[in-house]
Amino acid sequence: MDKQMKKGVLDLCVLSVLSEEDCYGYQLVEKISAAIEISEGTIYPLLKRLQKEGLLASYIRESSEGPARKYYKLTPEGITKCKRLRKEWFEFYNGVNKLLGRGNGDE
């Protein structure tokens, strides 16, 4: 996938995953990578920016598998932003599919 296209949807991906459950950084990488390829080097600056924007909060949770982990969760502003971005995404997605004729890209 084109880097710019991927970069444009990563905020939505992170917010969407966190709308389902709190996660630590590497866990987010694993969940998002199941759908689109990303690296740890991509996610941590993004988490820091989203936290600075007030969309995420973090807390430390002890782990039975090693050191304590920093978990991220949506703030009320993050929940609102996630809902807005999801709405915008599906409007964009449906519009692009109309233009593409709902083809699967294999043509």
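General observations
- Matching residues in the range 1-57 - criterion: being out of contact with any Asp or Glu (no Cβ under 9 Å at 6 or more places or on another chain), under 22 Å from R84 (Cβ atoms) and of a type in the set (G, A, S): G8, S16, S19, A35, A57
Matching residues to (1) in a strand (DSSP E or B); (2) at pLDDT 95 or above:
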site	(1), (2)
L10	no, no
Y26	no, no
A35	no, no
S58	yes, yes
K70	yes, yes
C82	no, yes
E88	no, no
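- Residues of the range 37-56 classified as in a strand (DSSP E or B) and surrounded by fewer than 12 Cβ atoms within 10 Å (Cβ to Cβ), total: 0
- Check on G78, among the small types (G, A, S), part of a helix (DSSP H, G or I) and out of contact with any Pro (no Cβ under 7 Å at 6 or more places or on another chain): yes
The values are calculated or read from the model by the stated rules, or taken from the named source; none is laboratory data. Bear in mind the structure is a predicted one, so any value in this text is a computation, not a measurement. Because the Cβ atoms are built from the backbone with ideal geometry, glycine has one as well, and the counts that use them run over all protein chains shown.
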